[in-house]
Amino acid sequence: MNEFMRRMLFLPDQASTFALDVDHLHYFVISVTMVASLAVGLTAIAFFWKYRRRRENQATPFISPTAGFEVLAISVPLAFFLLWFAMGFRDFVKLSSPPPDAMDVYVMGKQWMWKFAYPEGPNSLGVLHVPANRPVRMLITSRDVIHSVFIPAFRVKMDALPGRYTEVWFTATKTGRFQILCTEYCGAQHSKMWGEVVVMTPEAFDDWLKEQQRGLVTRQDLLADETQVTPQGSLAQWGKQVAVAQGCLRCHNVDTTAPSTGPSWVDLYQQRTKLTDGREIIADEAYLTESMMEPTVKVVAGYQPVMPNYQGKLSGPDAAAIVEFIKSLRSDRTVPVTAGEEQ
Amino acid sequence: MTAPITTAAVPPAGAVFPKKHYLNDGTTIRSWLLTHDHKRIAILYLVAVIIALFLGGVFAMVIRLELLTPGPTIIEALTYNRMFTLHGLVMIFMFMIPVIPAVFGNFFLPIMLGAKDVAFPKWNLTSWYVYIFGSALMLWGLITGGADTGWTFYTPYSTTTTTNIAPVMLGVFIIGFSSILTGLNFIVTIHTLRAPGVTWFKMPLFIWAVYATSIIQVLATPVLGLTTLLVAAEHTFGFGFFDPARGGDPILFQHLFWFYSHPAVYIMVLPSMGVISEVICAVARKNIFGYKMIAMSSLGIAFVGFFAWGHHLFTSGQSAFDAGAFAAISMLVGVFTAIKVFNWVGTLYKGAIAFTAPFAYVCGFLFFLVFGGMTGVALATVSLDVHWQDTYFVVAHFHFIMVGAVIMGFLAALHYWFPKMFGRKYPENWALLAAGLIVLGFNATFIPQFLLGNAGMPRRYYEYPERFTALNVASTAGASLLAFGFVIIAIYLAIALRYGEVAGRNPWGSRGYEWDVPSPPPTENFDKVPVFTRGPHEYHDIPEDLAKVGHAS
């Protein structure tokens with residue numbers, strides 16, 4: 001039945017854990033839509049047949065709806081719509097709540113290509129490798145205009161916004177290659193801004209990742225556009241370099257949790273933080289990025305709004321690298337970052 | 001009993017064309033261009049929107065031809081991007097927003113209320129000039145500046161594109177004023193110029209629909225004006241309203257834009273719904289089922305429509321809570337629309353239906369509105385939208401509503417009121433043939449696009465993966481059928497203008513107030529203030545000779 005409906009509706013492969021949920025709701029909604037529109041159409045035709053005009057100037061009885069009809073006309077569609085809303089919203093909440101153990105991939109759109117970077121180091125243009133049956137979270141940004149990552153086979157889509165991070169996650173269930181399309185109009189080559197997800201078995205993926213880390217240095221030489229390549233092994237290492245170069249560490253401690261001019265970065269990630277205006281937030285990727293781009297919007301309680309604005313000074317990948325660096329700073333384990341030490 | 005069921009009521013033998021009417025009251029070009037007569041202004045608008053429909057249609061055909069093959073077919077990528085920008089802007093701002101209120105609203109609103117004209121006749125003419133000037137500026141900007149942003153102007157693409165968009169934004173800004181002027185004029189007219197007997201709940205339902213539309217026009221259009229100015233200023237002078245590199249926010253644009261552009265959908269579709277309420281009563285010779293339900297649901301749609309804009313931003317990174325709130329509110333629009341649909345179908349019950357071209361368009365309208373509307377509800381179902389957002393499914397959905405419903409309303413209105421506006425009848429058989437072609441053509445064009453969206457084809461794609469070819473070919477074939485239908489209509493209506501059978505005062509045997517005046521109406525509409533003793537949609541108590549009912553001519 002599922003396969004029949006999927007083919008009738010021209011839906012792509014169902015290659016993620018969301019696909020089946022979304023498609024089942026899709027079948028439900030579209031079937032009711034078709035039945036309802038046909039029912040209205042057929043009723044109109046039946047009425048025409050039964051009540052066609054018999055003579056000129058024919059008078060007709062004055063009929064108005066009963067209260068029962070009015071209640072029915074409102075409550076039946078409302079019941080269906082609310083049911084769909086409840087089901088759709090439940091799935092949407094799932095889609096926008098990545099599990100904590102999800103593997104992270106940074107996705108950056110630029111006119112007109114996709115770049116993917118893993119915290120462990122490797123990165124690639126156009127092709128995203130992910131393991132099957134493991135949750136993968138995409139942290140998405142753009143270097144220029146708005147793009148949108150769309151993987152039809154996974155039924156996921158999320159806009160890539162300049163100066164912000166958005167996130168979406170999936171668990172691929174089938175190995176194979178699936179197309180990525182850009183779905184936010186972005187200029188002349190919009191219709192060619194394609195990429196590919198390669199879903200591998202978890203073992204094959206781990207092997208691939210090791211292979212990539214080994215080959216990083218040679219791969220750098222092969223790529224002409226150096227801005228596309230992480231200069232150092234891992235994103236966190238690169239992030240440290242960027243942080244040093246941008247002077248972040250003059251005000252933020254990275255070896256102790258003690259406050260300096262600004263809050264310490266140690267243990268900052270996922271920390272519950274109180275702001276000057278009394279709100280409480282969780283220091284996630286979105287917050288950390290926002291604090292670089294618009295530092296005075298959400299100032300941590302006890303600090304002055306003195307941090308300069310890094311909007312335009314930090315590229316998307318640089319900001320992502322700093323976020324990764326912050327995430328690597330945990331007081332409960334030794335800081336793994338050693339490369340690129342300058343201070 | 002043996003009367004043929006496929007023809008309209010025959011006018012009384014020897015119906016004569018009135019000697020003096022609004023069309024021959026002054027024949028110079030000057031008498032048209034400086035007229036204050038709401039009926040002549042309606043005709044000025046009609047000419048303009050038909051030109052816009054033709055232009056928009058040509059652009060649409062270029063788009064469909066380009067999409068016949070997966071690779072480049074007839075034009076380059078940049079030209080293609082300009083084509084869909086032209087198509088969207090011309091169809092929305094020059095055709096769909098003014099088409100029913102400014103043409104049929106202008107023509108019939110005063111007559112239906114028993115007034116000699118709208119409240120501010122000079123404003124009315126001004127609004128036409130503002131519309132023409134804004135449209136000309138927009139078109140000039142599009143053609144010479146080559147804007148390639150799509151009609152949605154999403155920032156930061158629109159603020160950084162190398163094409164020149166400032167004249168286009170200013171053009172849209174100016175057209176907005178025409179929309180506001182018309183809306184304000186109608187609101188004041190409805191409040192102040194109702195003839196004795198026309199109480200609020202004895203107003204024809206078309207008036208209710210135009211009233212709801214006018215409220216949206218007056219309240220929402222200023223936001224569009226503001227937004228277009230901000231984009232133009234950012235593009236031209238480099239302000240940073242929407243540029244994240246300078247502390248701006250590209251999503252702010254989307255909120256402002258959709259705050260207007262979502263209600264704008266109802267600016268386009270509500271008047272069409274009003275037309276259907278009028279036409280369905282006349283073709284079924286039946287009182288409207290649930291008058292108050294239909295009237296109030298128009299206001300309901302106008303109100304709720306203001307709070308649904310966020311459903312365009314489900315994948316823009318807005319919070320899950322916001323997405324849920326906007327989704328739930330969007331469902332209410334569906335409920336109000338469903339109320340109307342049930343009441344229209346109920347109107348046919350125990351009626352006396354004649355299968356004429358207007359009825360064919362009513363049937364087409366019902367199908368497109370229910371299918372298009374329910375796919376809208378499907379799109380508002382948040383998790384489903386994630387897959388469909390910005391794909392051809394969305395394109396097909398809004399074309400079902402806008403092309404399907406709005407054009408059905410326009411064609412129903414044009415055929416139903418043609419005898420009243422021009423005093424002559426159109427050829428019914430040709431009209432039925434064209435209606436059949438058009439309904440078929442719409443389905444053949446857009447049903448494949450729903451499937452393309454399901455398959456994952458994004459919108460605004462110049463080239464597409466090969467697997468989408470078959471459905472694209474089907475869609476282009478359907479569009480050709482559609483275009484053919486329009487050509488037939490253009491030909492027979494042009495001929496009927498001059499050689500059509502004289503219609504007489506009330507060829508449909510309609511009880512609508514506008515059929516009491518001669519066809520075409522005299523410049524003053526009425527010799528003396530009319531008094532209405534019946535409701536506008538009542539067919540249970542019909543005088544012996546309906547054709548004789550009317551005001552002095």
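The values are calculated or read from the model by the stated rules, or taken from the named source; none is laboratory data. Bear in mind the structure is a predicted one, so any value in this text is a computation, not a measurement. With ideal geometry, Cβ positions are generated from the backbone for all residues, glycine too; neighbour counts draw on all protein chains shown.
Taking the residues in the range B:270-281 that are away from chain A (no Cβ under 13 Å) and farther than 14 Å from B:L366 by Cβ as candidates, determine which candidate is surrounded by the fewest Cβ atoms within 10 Å (Cβ to Cβ).
B:E278
For (1) crowded, with 21+ Cβ neighbours inside 10 Å; (2) modelled with pLDDT of 95 or more; (3) assigned to a loop (DSSP other than H, G, I, E, B), each residue gets a yes or a no:
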{"site": "B:A477", "(1), (2), (3)": "no, yes, no"}
{"site": "B:P518", "(1), (2), (3)": "yes, no, yes"}
{"site": "B:N525", "(1), (2), (3)": "yes, no, yes"}
{"site": "B:K528", "(1), (2), (3)": "no, no, yes"}
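Is at least one residue of the range B:458-470 part of a helix (DSSP H, G or I), within 12 Å of chain A (Cβ to nearest Cβ), in contact (Cβ under 8 Å) with a residue 40 or more places away in the chain and surrounded by fewer than 24 Cβ atoms within 10 Å (Cβ to Cβ)?
Within the range B:458-470, one or more residues are part of a helix (DSSP H, G or I), within 12 Å of chain A (Cβ to nearest Cβ), in contact (Cβ under 8 Å) with a residue 40 or more places away in the chain and surrounded by fewer than 24 Cβ atoms within 10 Å (Cβ to Cβ).
Need the failing condition index for B:T163 against (1) touching an Asp or Glu at 6+ places or on another chain (Cβ under 8 Å); (2) farther than 24 Å from B:L313 by Cα; (3) part of a helix (DSSP H, G or I), just the number.
If we test B:T163 against (1) touching an Asp or Glu at 6+ places or on another chain (Cβ under 8 Å); (2) farther than 24 Å from B:L313 by Cα; (3) part of a helix (DSSP H, G or I), just (3) comes out false.
Filter the range B:27-45 down to the residues that are surrounded by 19 or more Cβ atoms within 10 Å (Cβ to Cβ) and among the hydrophobic types (A, V, I, L, M, F, W, C) and list them by number.
B:I41, B:A42, B:I43, B:L44
Condition check ((1) crowded, with 17+ Cβ neighbours inside 10 Å; (2) under 23 Å from the mean Cα position of the chain (by Cα)) across all residues:
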residue	(1), (2)
A:S260	no, no
A:T276	no, no
A:I282	no, yes
A:G302	no, no
A:I322	yes, yes
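Based on what the data block shows, is A:F116 more than 8 Å from chain B (Cβ to nearest Cβ), outside any strand (DSSP E or B) and crowded, with 20+ Cβ neighbours inside 10 Å?
When the stated conditions are applied, A:F116 does not pass them.
Have a look at A:L78, A:L82, A:L20 and point out the one that is under 25 Å from the mean Cα position of the chain (by Cα), of a type in the set (A, V, I, L, M, F, W, C) and at pLDDT 90 or above.
After applying the criteria, what remains is A:L20.
Would the range B:359-377 turn up any residue that is more than 9 Å from chain A (Cβ to nearest Cβ), assigned to a loop (DSSP other than H, G, I, E, B) and of a type outside the set (G, A, S)?
Taking every residue of the range B:359-377 in turn, none turns out to be more than 9 Å from chain A (Cβ to nearest Cβ), assigned to a loop (DSSP other than H, G, I, E, B) and of a type outside the set (G, A, S).
What residue, of A:I63, A:I45, A:I74, is in a helix (DSSP H, G or I) and at the interface with chain B (Cβ under 7 Å from one of its Cβ atoms)?
Exactly one residue qualifies, and that residue is A:I74.
Condition (residue is under 18 Å from B:I180 (Cα atoms) and surrounded by fewer than 24 Cβ atoms within 10 Å (Cβ to Cβ)) applied to the range B:144-156: is it met by at least one residue?
No, the range B:144-156 has no match at all.
With the range A:123-187 as the region, which strands (runs of 3 or more DSSP E) entirely inside it contain at least 2 residues that are more than 18 Å from B:F314 (Cα to Cα)?
So the answer is A:123-125, A:127-131, A:135-142, A:176-182.
Please go through the range B:347-386 and pick out each residue that is closer than 21 Å to B:A444 by Cβ and of a type in the set (F, W, Y).
B:Y361, B:F365, B:F367, B:F368, B:F371
For the range B:187-208, give me each residue that is closer than 21 Å to B:F120 by Cβ and assigned to a loop (DSSP other than H, G, I, E, B).
Scanning the range B:187-208 gives B:L193, B:R194, B:A195, B:V198, B:M203.
Mind checking whether some residue in the range B:502-510 is of a type in the set (S, T, N, Q), assigned to a helix (DSSP H, G or I) and within 12 Å of chain A (Cβ to nearest Cβ)?
Checking the range B:502-510: not a single residue is of a type in the set (S, T, N, Q), assigned to a helix (DSSP H, G or I) and within 12 Å of chain A (Cβ to nearest Cβ).
Quick grid of which residues meet (1) over 30 Å from B:M331 (Cβ atoms); (2) among the acidic types (D, E):
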site	(1), (2)
A:A73	no, no
A:M87	no, no
A:D104	yes, yes
A:P122	yes, no
A:P135	yes, no
A:T141	yes, no
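Give the number of residues within the range B:315-333 that are within 7 Å of another protein chain (Cβ to nearest Cβ), crowded, with 22+ Cβ neighbours inside 10 Å and in a helix (DSSP H, G or I).
3
Is it fair to say B:G300 is within 14 Å of another protein chain (Cβ to nearest Cβ), closer than 19 Å to B:L369 by Cβ and either in a helix (DSSP H, G or I) or without any contact (Cβ under 8 Å) to a residue 24 or more places away in the chain (or both)?
It is true that B:G300 is within 14 Å of another protein chain (Cβ to nearest Cβ), closer than 19 Å to B:L369 by Cβ and either in a helix (DSSP H, G or I) or without any contact (Cβ under 8 Å) to a residue 24 or more places away in the chain (or both).
Kindly indicate the residue of the range B:282-295 that is over 20 Å from the mean Cα position of the chain (by Cα) and part of a helix (DSSP H, G or I) and also farthest from the other protein chains (Cβ to nearest Cβ) among those meeting that condition.
Looking at residues that are over 20 Å from the mean Cα position of the chain (by Cα) and part of a helix (DSSP H, G or I), I get B:A282.
Go through the range B:74-116 residue by residue and tally those that are surrounded by 21 or more Cβ atoms within 10 Å (Cβ to Cβ) and acidic (D, E).
Here the count works out to 0.
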